[in-house]
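Q: Quick one: this structure, given as structure tokens, is what I'll be asking you about.
The values are calculated or read from the model by the stated rules, or taken from the named source; none is laboratory data. Small disclaimer: the values here were computed from a predicted structure and weren't measured. Counting neighbours? That spans all protein chains shown, and the Cβs are built from the backbone with ideal geometry, glycine included. Please note that ligands, DNA and RNA were not included when accessible areas were found on the heavy atoms of the full protein model with its side chains. Shrake-Rupley method; radii C 1.70, N 1.55, O 1.52, S 1.80 Å.
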Amino acid sequence: NDQAHAFLAAQFEEKSVKKEYFAITLGGIRADREVVDLPIGRHPKDRVKMAIAPNDPDAKEALTFFEVLERFRGFSTVRCLPKTGRTHQIRLHLANLGTPILCDKLYGGRSIITREEIAGVIDRRPKKKNEDAPPPLTPILARQALHARKITFELPSTRQTIAVEAPLPDDIRETLEALRECRALERPA
């Protein structure tokens, strides 16, 4: 009803709703935890993109806390806690750290990854005349590796705080399994 809607909308406005995201990044964040506090505004040339805009008077405050969950050769998994809710905030803040979200075409430059690429078994040498072409590669992930994992808010009717969690989608879970299988870092004994 309208009253419940207004109550929930007020929580978003007051920034009391807690949101948690899971991301797989291309590259590794150096620190175990990182806070990015950089304002976001419209990109000056590309109207689809947003940009870090510290000198833009129209830019809006944007604050994101990141925690590395796992590190792999060339990749990381990250827990993302945005404290503000700007358009493309997590994507842009991770790209600004030099670790764009895997398969984020807009800020990372590519939109798909295959199991073969993760495994590092792609043979890019030209084939000999009489050799059959290799089988086509199948994407393991063909969208951004960003998942809204959990949201916590207060119920309008009872004022009870609840947390709603969503499991990882199959494609992100399969990508994570491939990373664990093929890109695990050696652990010291």
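Q: Which one of R30, R47, R73, R86 is of a type in the set (K, R), touching a strand residue (DSSP E or B) at 6+ places or on another chain (Cβ under 7 Å) and either farther than 28 Å from P156 by Cβ or open to solvent by 30 Å² or more (accessible area, probe 1.4 Å) (or both)?
A: R86
Q: Within the range 1-30, count every residue that is under 17 Å from the mean Cα position of the chain (by Cα) and either assigned to a loop (DSSP other than H, G, I, E, B) or small (G, A, S) (or both).
A: Qualifying residue count, the range 1-30: 5.
Q: Is one or more of the residues making up the range 10-20 aromatic (F, W, Y) and open to solvent by less than 60 Å² (accessible area, probe 1.4 Å)?
A: Among the residues of the range 10-20, not one is aromatic (F, W, Y) and open to solvent by less than 60 Å² (accessible area, probe 1.4 Å), which makes the answer no.
Q: Might you check whether a residue that is touching a Ser or Thr at 6+ places or on another chain (Cβ under 8 Å) and farther than 19 Å from T87 by Cβ occurs anywhere in the range 33-56?
A: yes
Q: Something else: Given the conditions (1) modelled with pLDDT under 95; (2) within 27 Å of Q160 (Cα to Cα), which single one is not true for G28?
A: Condition (2) is where G28 drops out.
Q: If you check every pair at least six apart or on different chains, which have Cβ atoms under 6 Å apart with a residue in the range 141-166 that is at pLDDT 95 or above first and a residue that is outside any loop (DSSP other than H, G, I, E, B) and basic (K, R) second?
A: Note: pairs meeting the criteria are I151/K19; T152/K18; A163/K150; E165/K150.
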